[in-house]
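Trainee: Dumping the structure here so I can ask a few things about it.
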Amino acid sequence: MSERKVLNKYFPPDFDPELISRRKHPKSSQQVVRLMAPFSMRCNTCGEYIYKGKKFNARKETVEGEDYLGIKIFRFYIKCTLCSAEITFKTDPKNTDYAAEHGASRNFEPWRDEQAEEEDRLAKLEEEENNPMKVLENKTVDSKREMDILDALQDIRARNARNERVGQSDDLLSRLALQEVVDEEEVERKRLEEEDEKLVEEVFSKIQNGSSSVTVKRKADDKEPPAHALLSETARALIASTATAAPAVKKRKTDGKNSLGIKVVKKKVTAT
C-alpha cells in the first residue's frame, strides 16, 4: 500500500516532455492574489476610509510600457468595502512604495513629506559640492522665491488695508445716517413740546383773565389733559384754601338747659 502524502509522481518510461504543448497566456492576463492595503486611503465614491493592513482578494497585472531601470511595475485592483467601487494602485520602485492611481486618494502622512524634504535637501547639498554653478543657480532661485513671497505679502497687506478703509467708511456712513435720524426725532420732539407750552400758556392766560368758558383745541391723537393741569398756580392755591377752610358753626342757645332738657338754675351764693 502506497503512502497517501507523497511528493514523487510516477512518469512512464515513454514520457517525453517536449511533446507537451505549452499554454499561451495573454500579455494582459491578471492573477488573483491575496494582499493587504499598503497605505491608508479614502474612497472617492462613498468616502469610506480603508486603513493600512486591510486584507483584500486583488487582481494583479503588469503595467505595459512602464518600468524603472528594468524593474516591472505591477497594478492591483481591489474593491471598496462599503460601495464595492473599483480602486487601483501600483508599485513605485523608485521610492520603494506604492502609488494610488484611481478610485481612492491617499491619506495625508506627515512623515512622508518630512522625508521627501530631507532627501531633497541632501540631494541639493550633494550637487552643490561638485558643481559651483549649481550653487549660483540655487541662490538665484531662492532669492527669486523670497522676492515673490515678499510681493505676495505686500499685496495681502494692501488688500487688508483697503478692506479696512472700506469697512470704516461704511461704519461712518451708517453712523451719519443714524445721527440724522436721531436729529430729526429730536427736532420733532422739541416742536411738539413748544406747541404744548403755547397751548398751556393760552389756557392759563384765559383762566387768569376770568373767562368763564375755556375751549381747548388739541390734536386727535393727543390725550385729554387733566383738569387741574389747566389751572394756574394761583387758582390751585385758592381752591385748596377754600376746601380746607371749615364753615363757622353757630352755637345753639340752650337757655340754661342741659342735654336732657332740664333747666338748670344757678343760685348766687352770698357770703355771711
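The values are calculated or read from the model by the stated rules, or taken from the named source; none is laboratory data. Being a predicted model, the structure only gives us computed values, none of them experimental. Glycine gets a Cβ as well: all are built from the backbone with ideal geometry, and neighbour counts include every protein chain shown. Protein only, heavy atoms only, side chains kept; ligands, DNA and RNA dropped before computing areas. Shrake-Rupley method; radii C 1.70, N 1.55, O 1.52, S 1.80 Å.
Trainee: What are the ³J(HN,Hα) values, in whole Hz, obtained from phi via the Karplus relation 6.51 cos²θ - 1.76 cosθ + 1.60 with θ = phi - 60°, for each residue of region 195-207 in sequence order, with x given for Gly and Pro?
Mentor: Once θ is set to phi - 60°, the couplings for region 195-207 become 4, 5, 5, 4, 5, 5, 4, 4, 5, 5, 5, 5, 5 Hz.
Trainee: Given labels modelled 7 Å from the Cα in the Cβ direction, how far is it in nm from Val135 to Arg59?
Mentor: 5.6 nm
Trainee: Okay, moving on. Once a ≥ b ≥ c are taken as the square roots of the eigenvalues of the Cα gyration tensor of region 78-214, is the result rounded (a/c under 1.5), prolate (a/b larger than b/c) or oblate (a/b not larger than b/c)?
Mentor: oblate
Trainee: Taking the Cα atoms of region 60-99, what is the range of coordinates along each of the three principal axes, in descending order and whole Å?
Mentor: The Cα atoms of region 60-99 stretch 38, 19, 11 Å along the principal axes, largest first.
Trainee: I'd like the distance separating the alpha-carbon centroids of region 72-129 and region 189-203, in whole Å.
Mentor: Centre-to-centre distance over Cα atoms comes out at 88 Å.
Trainee: So, one more: Please give the length that would be gained between Ala116 and Leu35 if that part of the chain were fully extended, namely 0.36 nm times their separation in residues minus their C-alpha to C-alpha distance (nm, one decimal).
Mentor: Roughly 26.5 nm would be gained on extension.
Trainee: Let me ask you something else. Restricting to Cα pairs below 8 Å that are 6+ residues apart, what does the relative contact order work out to for region 31-107? Please round to a whole percent.
Mentor: Contact order relative to length: 29 percent.
Trainee: Between Glu66 and Thr81, what length comes free when the chain is fully extended (0.36 nm per residue of separation minus the Cα-Cα distance, one decimal in nm)?
Mentor: 2.5 nm
Trainee: Here's something else I'd like to know. Over the Cα atoms of region 95-161, compute the convex hull volume and normalise it per residue, giving Å³.
Mentor: 160 Å³
Trainee: Over region 21-162, how many percent of alpha carbon pairs lie in each 10 Å bin up to the one with the longest distance?
Mentor: Spelled out bin by bin, region 21-162 gives 9, 24, 23, 20, 17, 5, 1, 0, 0 percent.
Trainee: Give the carbon-plus-sulfur fraction of the accessible surface of region 31-107 in %, rounded to a whole number; probe 1.4 Å, heavy atoms of protein chains only.
Mentor: Taking all protein chains in place, region 31-107 shows 47 percent carbon and sulfur surface.
Trainee: Another question, then. Semi-axes of the equivalent ellipsoid for region 31-107, please: Cα gyration tensor eigenvalues, times 5, square-rooted, ordered largest first, whole Å.
Mentor: Its equivalent ellipsoid spans semi-axes of 22, 13, 11 Å.
Trainee: Take Val6 and Leu153, extend 7 Å from each Cα along the Cα→Cβ direction, and tell me the distance between the two endpoints in nm.
Mentor: Using points 7 Å along Cα→Cβ, the separation is 8.4 nm.
Trainee: Another question, if that's okay. To the nearest 0.05, how large is the calculated FRET efficiency for Thr45 and Ile20 if R₀ is 51 Å and r is the Cβ-Cβ distance?
Mentor: 0.65
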